[in-house]
Amino acid sequence: MKRRHYKWYVVTYRLNEKIDRKLTMTGKTVFLCAFALIFFGLNTHTSMLFVVFAIALALLITDAVSLMFKKYEFEFERFLPEYASKGVPLKYSVLLREKFTQKHAGQLFFEEIPANPLPAFSVFDSTKEPGEDKRNGFDRKMGYYRWKWLISKNCGGKFNEFAVIGRKNDGGTVFNAEFIPERRGRIRFGGAYIFRKGIFGLLKKGRIVENTGGFIVLPKIEDSFEVPETAGENNSQRNEKTREMQETGSGFEFKALRDFVPGDSIRNIHWKSSAKSGQLRTKEFYKESDAGSVVFVDNLFEEHYSEDFEKALSAAATLLNILRREENMPQIMFIGSEIFEIPDSSAKSLAKSLAALALAENNPNETFSNCSNLLAETVESATTLFFFTSKNDTSRTGFLRMIAGKGTKIFVFYAGNAETLPDGWKRIKF
């Protein structure tokens, strides 16, 4: 991809931004009509074309005059949630204050501005648009559709304008805004364009107010979910791993005596041992429980963006949501070489786990072989491994067979090419 194409797209993007902040859609149409009629109407004997040109020009001039001599000083505050969901409308409130006393007629409008939506040249040069191989040679060479796709990915959704209509509060107006996230990850707002429209709604005049803000968009959680078959061999050794869960109530196996600490039940005090030692001693019980599960999400790929990777993340988020409802959350989640501990099955733990999935990116600087040893050590004490990947090379398949041979139950969620799956693998279906 040539650098001059990238520079040209940056210039045209910024030019279009300026035009969009000066003209409404109707205003663009009227302006184009007036501009076109300069060539077709002014030097001919067709008087009707000249009349249309004069009317269009008069409308634009009148709209511009109606916006003159107006001051624009604003400040605003957003009330954004911490998390949103992909494809689900995010509704939030905005408090807008005008910083001058003289009031002007005309409706105010509010439009969010994305923070730095322009991709770096390295990303533009290396990241293919989904389905780009099916485009003709000219489109692939110019990279225009790739540019548009990267801009939309960086923006994270469509930015609409909203009329500032709401209740008065704290010296300003509180109104509702909405944003529909179209991708997972962190979406950032750089500020907002606050403006008025002319008397005919053709022109805009306003000011950009810088005010950063953002939220995390969680991966899409599917309604239906199909758990793939187990992978590997040696089924006879599975489900034999357990761990001891410390309990203080009765009805469990007695384990040992220990010193009494504040918070222990006095019903479990061992009075005979306490009398001999001169210190309070309490009985400690335990029960055998499932040794727990581990989730591994494979992000060790060279691609900056991959549809298969997005499917794997969505599948992992859906699984975590199901396990949380069953109060059986995994103890540890790997995203490539990064480790995230999940302490319990609370809603807070689920939210943090989903946020980690939302912010996951491909890691081209790491290989599966480098992180497989740590993963193997962790999985050794677990009963189940949930393995999400879009690759089935020899290092991954060999690792899974080795883990299965140690008695660990493995579920493989594969989002790659179904035609090259090894035995025991099943492609995830959404």
Quiz item: Filtering the stretch 109-137 down to residues that are part of a strand (DSSP E or B) and either loosely packed, with under 15 Cβ neighbours inside 10 Å or among the aromatic types (Phe, Trp, Tyr) (or both), which residue is nearest to the chain's Cα centre (by Cα)?
Solution: PHE110
Quiz item: Which residue pairs have Cβ atoms under 6 Å apart, sit 6 or more places apart or on different chains, and have a first residue in the stretch 66-81 that is over 19 Å from ALA192 (Cα atoms) and a second that is surrounded by 11 or more Cβ atoms within 10 Å (Cβ to Cβ)?
Solution: SER66/GLY198; SER66/ILE199; LEU67/GLY198; LEU67/LYS205
Practice problem: Kindly indicate whether any position in the stretch 417-430 is at pLDDT 85 or above, under 21 Å from LYS311 (Cβ atoms) and part of a strand (DSSP E or B). | Solution: no
Self-check item: Hits in the stretch 375-399 - residues which are more than 22 Å from SER314 (Cα to Cα), of a type outside the set (S, T, N, Q) and touching a residue at least 60 places away in the same chain (Cβ under 8 Å)
Solution: VAL379, ALA382
Practice problem: Sort through LEU300, LEU320, LEU280, LEU313 and tell me the only one that's among the hydrophobic types (A, V, I, L, M, F, W, C), in the same structural domain as LEU257 (by TED's automatic domain parsing) and touching a helix residue (DSSP H, G or I) at 6+ places or on another chain (Cβ under 8 Å). | Solution: LEU280
Quiz item: Name the residues in the stretch 167-198 that are assigned to a loop (DSSP other than H, G, I, E, B), over 25 Å from the mean Cα position of the chain (by Cα) and surrounded by fewer than 18 Cβ atoms within 10 Å (Cβ to Cβ), would you?
Solution: ASP170, GLY171
Quiz item: Of the numbered conditions (1) part of a helix (DSSP H, G or I); (2) under 27 Å from the mean Cα position of the chain (by Cα), ARG140 satisfies every one except a single condition; which is it?
Solution: (2)
Practice problem: Filter the stretch 20-61 down to the residues that are assigned to a helix (DSSP H, G or I) and hydroxyl-bearing (Ser, Thr, Tyr), then identify the one that is modelled with the lowest pLDDT. | Solution: SER47
Quiz item: Yes or no: GLY201 closer than 29 Å to THR26 by Cβ, assigned to a loop (DSSP other than H, G, I, E, B) and touching a residue at least 40 places away in the same chain (Cβ under 8 Å)?
Solution: yes
Practice problem: Please enumerate the residues belonging to the stretch 357-400 that are within 20 Å of ARG186 (Cα to Cα) and either surrounded by 19 or more Cβ atoms within 10 Å (Cβ to Cβ) or of a type in the set (Asp, Glu) (or both). | Solution: LEU357, ALA358, ALA360, GLU361
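The values are calculated or read from the model by the stated rules, or taken from the named source; none is laboratory data. Since we're looking at a predicted model, the values are computed, not measured. Cβ atoms come from the backbone with ideal geometry, glycine included; neighbour counts cover every protein chain shown.
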